[in-house]
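Worksheet: the structure to be examined is printed underneath.
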Amino acid sequence: MTQPKSESKKEEFRKYLESTGVLDAFTKVLVGLYEEPEKPGDALEFVKQHLHGGPPKSAEAETLKKEIQELQQKNQELEQQVAQLQAAMRTSTSADAIDDDQWWLEDDAVEEATVKEIKVSSSKKTTAIEQPHETFDILHTQRRQRKEFLAALKCPQRAVNVDKTTIKKSNFIDCSTLETPGTPPLRDLIVFACDSWKKLVKRLEAKGSPLVLVFSVSALREVEMRRELVELAKPHTVAKLFSKHMKVDQQSRFLTSHVTPIAVATPERAQKLLDMDSLNLSELKLIVLDWYWRDIKMRRFSDIPEVWSSYLQLHNKIQKLQPEAKLFLY
């Protein structure tokens, strides 16, 4: 006798539950409930818990609670770090956050703090900004500057070869006739060395192509030197090509969008910007090396191997790209 259609469906569904393990799971849970000496008040909750393998053991539960607490604490610490980083980003001198002009003006505030730092450190230690005992006019003849430069090329730690035959007296600016008592300000030397300075600045249109490159051994020293030259560069600005405050990408963007008659730089950073085609030497007239200034360890420009080697690499490039540019050992 043929089974009714509804019975056939029931049998089919029963086989389905049996094949998928559902009947077995429910049977075990219900047997467990039946064997419980004290029946739970909420039988449905009992079934729910035991269908998933039973409630977690007390030791496992404690471990899980501890892990949750540790994760929550770590999350709080990370949130605090994120908040601090966001605050730092809001107050940083990022060129991505503000336009180039505002970025460089805002960085002057950082520069103010740096100059204060210099003054504080100089009050605690004797900063060696000593000049040699000889007078300025004797030190800055072309012959004397060439002699100083060639002597520095003998440094055993120098890793860059320079063709000495290209180092001629005519490569140097002769300031022996500059009538001034003592060491004159750097701005006066630049005006003296570059004929018709104001006209040169007025005619300068190429972006990232300084007329004068000033090199020193440290960012702190360069901050001081730049401040002295700001008026001389007007209506433009003095480019800061050192790593104390700005990243190389920021400096690259600035150079490609601004006219900069003067750039104050460390040799390594100038080399990087030149390789990036951000720094252009087509208008270069004068290179100033902060030669006689000494750092706190009494080292001069040519006494620091990494600085001197970086400059000599750059010097070789300048000789090829702009051989008419003059050199001055300040």
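The values are calculated or read from the model by the stated rules, or taken from the named source; none is laboratory data. Because the structure is predicted, anything quoted here is derived from the model rather than measured. Here the Cβ is made from the backbone with ideal geometry for all residues, glycine too, and neighbour counts use every protein chain on show. Only protein heavy atoms, including side chains, enter the accessible area calculation; ligands, DNA and RNA are left aside. Shrake-Rupley method; radii C 1.70, N 1.55, O 1.52, S 1.80 Å.
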(message) When you scan segment 308-315, do you find a residue that is part of a loop (DSSP other than H, G, I, E, B) and open to solvent by 20 Å² or more (accessible area, probe 1.4 Å), even just one?
(response) no
(message) I'd like to verify a number: residues in segment 290-301 that are open to solvent by less than 10 Å² (accessible area, probe 1.4 Å) and either within 15 Å of Ala151 (Cα to Cα) or part of a helix (DSSP H, G or I) (or both), how many?
(response) 3
(message) Among the residues that make up segment 263-272, is at least one of them surrounded by fewer than 16 Cβ atoms within 10 Å (Cβ to Cβ), under 23 Å from Trp293 (Cα atoms) and in contact with a strand residue (DSSP E or B) (Cβ under 6 Å, 6 or more places away or on another chain)?
(response) no
(message) Within segment 227-245, take every residue that is over 14 Å from Leu279 (Cβ atoms) and in contact with a Phe, Trp or Tyr (Cβ under 9 Å, 6 or more places away or on another chain) and give me the one that is surrounded by the fewest Cβ atoms within 10 Å (Cβ to Cβ).
(response) Leu232
(request) For residues that are closer than 13 Å to Leu232 by Cα, aliphatic (A, V, I, L, M) and outside any helix (DSSP H, G or I), tally how many sit in segment 188-219. (result) 2
(request) Just one of (1) assigned to a loop (DSSP other than H, G, I, E, B); (2) touching a residue at least 40 places away in the same chain (Cβ under 8 Å) trips up Asp277, so point out which. (result) (2)
(request) Please enumerate the residues belonging to segment 31-48 that are out of contact with any helix residue (DSSP H, G or I) (no Cβ under 8 Å at 6 or more places or on another chain) and either touching a residue at least 60 places away in the same chain (Cβ under 8 Å) or part of a helix (DSSP H, G or I) (or both). (result) Val31, Tyr34, Glu35, Leu44, Glu45, Lys48
(message) What's the total number of residues in segment 246-262 that are assigned to a loop (DSSP other than H, G, I, E, B) and buried (at least 19 other Cβ atoms within 10 Å of the Cβ)?
(response) 4
(message) Checking the conditions here, which among Ser243, Ser252 is at pLDDT below 90 and either of a type in the set (Phe, Trp, Tyr) or touching a helix residue (DSSP H, G or I) at 6+ places or on another chain (Cβ under 9 Å) (or both)?
(response) Ser243
(message) Against the conditions (1) assigned to a loop (DSSP other than H, G, I, E, B); (2) free of Cβ contacts under 8 Å to residues at least 12 places away in the same chain; (3) not small (Gly, Ala, Ser), where does Lys320 fall short? Just the number, please.
(response) (1)
(request) All but one of (1) under 19 Å from the mean Cα position of the chain (by Cα); (2) open to solvent by 20 Å² or more (accessible area, probe 1.4 Å); (3) in contact (Cβ under 8 Å) with a residue 60 or more places away in the chain hold for Lys285, so report the exception by its number. (result) (1)
(request) Look at segment 288-321 and say how many of its residues are more than 23 Å from the chain's Cα centre (by Cα) and either closer than 29 Å to Ser257 by Cβ or of a type in the set (A, V, I, L, M) (or both). (result) 13
